[in-house]
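K.L.:
Quick one: the structure is below, and I'll ask about it shortly.
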Amino acid sequence: METRVLVIEDDQEINELLGEYLSLEGIGYEKALNGEQGIRLANGSHPDAIVLDLMLPDIDGYEVCSRLKSARDTRNIPIIILSCMCQEDDRFRALASGAFRFMNKPFLPDDLLDNLRLALESRSATPVNAPAGEVLISAADSAATVAQLNVMLTSIGDCSTLSETHLAQLREAFIGLSEWVLAWGKQHGADAALRVRYVMNGCVDHTPASEIVWTIDEPRPGILAALVFQSAVGGGHFGLSYSSSNGSGEKSVGPLDGWYQFIAKTGAGQFDKQPAEHVIRLTRTLMGSDVGLELPTVTVGGTRYPDRLAAEARGAKR
């Protein structure tokens, strides 16, 4: 079957030039001139790969990428971002939205074709229904971090009946966690890292998982040691060491409300700490496609959240 690539680019001349490059390589070409049209074509024709611009006239490329990577029918399609927005924050945000690669304009056609080949190879090599894995969230290599998170989120989508909305919330949760690690690394050293192991229990063949368990620790004492396992300030329920500023007027990384948001967006109904091992564990029970519409009552160390904190977590989820 012919390989087909969808190009989502509002500059018609650039779009059609890309189409000519693809045609010379015997690759089929589809054209979209805005984000919504691109999403419709992707859902209708299921291309083998997508080349996506960030600056589009209706919705930006970040949203297009995030929506495609959260949707069941398109999340396995590799996306290459091709943009003149070349700041490091742009690159991180593009990869965090689910892109396979980020390329700057101007570009060399051979580089684009090489990245397309890698994208197509990665698609065929990506395990489907992989029920377990590991992610190293590292301040030293944000690109590797988001690549591993994208594999985890794709696996969770393949192994569950979670809706696009809930998969998008999971992406927000773990990208937010990686941003904490990056910020912590800038303050305390570039070797800051968290290790996330995940298991989707009950995912066998095509049977959806009955629960997801995330176990989070760190190779070296750092963000968890300081923010989770030290004595709480002001009676915090997670045992977080937290102050309103770090002396420069900036908020500390990972304040209490940030952890509430993280737990709320994972949909975890159980949050356990193991102080001796410096490990935290979150468990999300999957009861069907509607799970996560209401946050389960979160339990910490066997103690239920007070109603006020549960309400704050629900509010953070919105």
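The values are calculated or read from the model by the stated rules, or taken from the named source; none is laboratory data. Because the structure is a prediction, the values reported are computed rather than measured. Cβ placement follows ideal geometry from the backbone for every residue including glycine, while neighbour counts extend to all protein chains displayed. Note: areas computed on protein heavy atoms with side chains; ligands, DNA, RNA excluded. Shrake-Rupley method; radii C 1.70, N 1.55, O 1.52, S 1.80 Å.
K.L.:
What number results when the radius of gyration of segment 170-216, computed over Cα atoms, is divided by 2.2 N^0.38 Å?
P.N.:
Rounded to two decimals, the normalised Rg is 1.54.
K.L.:
For residue 89 and residue 113, calculate 0.36 nm times their separation in residues minus their Cα-Cα distance, and state this gained length in nm to one decimal.
P.N.:
Full-extension gain reported as 6.2 nm.
K.L.:
Moving on to the next point. Please give the direction-averaged projected area of the C-alpha convex hull for segment 1-66, in square nanometres with one decimal.
P.N.:
With the hull built on Cα positions only, its mean projection is 4.0 nm².
K.L.:
Residues of segment 162-225: accessible area per residue at 1.4 Å, in Å²?
P.N.:
With the other protein chains kept in place, segment 162-225 gives 42 Å² per residue.
K.L.:
Could you compute how fast segment 59-196 diffuses translationally, taking Rh as the Kirkwood radius over C-alpha pairs and applying Stokes-Einstein at 25 °C with viscosity 0.890 mPa s? Give it in µm² per second.
P.N.:
D = 158 µm²/s.
K.L.:
Shifting gears a bit: Which ³J(HN,Hα) values, rounded to whole Hz and listed in residue order, are derived for segment 130-142 from phi using the Karplus coefficients 6.51, -1.76 and 1.60 in 6.51 cos²θ - 1.76 cosθ + 1.60 with θ = phi - 60°, glycine and proline given as x?
P.N.:
Computed from phi, the couplings for segment 130-142 are 6, x, 7, x, 9, 10, 9, 8, 10, 5, 7, 8, 5 Hz.
K.L.:
Another question, then. In bins 5 Å wide, starting from 0, what share of all Cα pairs of segment 1-128 does each bin hold, as a percent?
P.N.:
Spelled out per bin, shortest first, that is 2, 11, 24, 27, 22, 11, 2, 0.
K.L.:
Which ³J(HN,Hα) values, rounded to whole Hz and listed in residue order, are derived for segment 211-225 from phi using the Karplus coefficients 6.51, -1.76 and 1.60 in 6.51 cos²θ - 1.76 cosθ + 1.60 with θ = phi - 60°, glycine and proline given as x?
P.N.:
7, 10, 10, 10, 10, 10, 9, 9, x, 10, x, x, 5, 5, 4
K.L.:
Using a 1.4 Å probe, what is the accessible area per residue for segment 1-90, in Å²?
P.N.:
45 Å²
K.L.:
Could you check how much of the accessible area of segment 65-145 is carbon and sulfur, as a whole percent, using a 1.4 Å probe?
P.N.:
In segment 65-145, the share of accessible area belonging to carbon and sulfur is 52 percent.
K.L.:
Stretched out fully, how many nm does the piece from residue 20 to residue 63 gain, at 0.36 nm a residue minus the Cα gap?
P.N.:
Going from the current span to full extension adds 12.8 nm.
K.L.:
Just subtract the alpha-carbon distance of residue 197 and residue 161 from 0.36 nm times their residue separation and send over the number in nm, one decimal.
P.N.:
10.9 nm
K.L.:
Given points 7 Å out from each Cα along the Cα-Cβ axis, report the residue 278 to residue 11 separation in nanometres with one decimal.
P.N.:
With each label placed 7 Å out from Cα toward Cβ, I get 4.9 nm.
K.L.:
When N counts the residues of segment 120-209, how does its alpha-carbon radius of gyration compare numerically with 2.2 N^0.38 Å, as a ratio?
P.N.:
Here the Cα radius of gyration is 1.17 times the empirical estimate.
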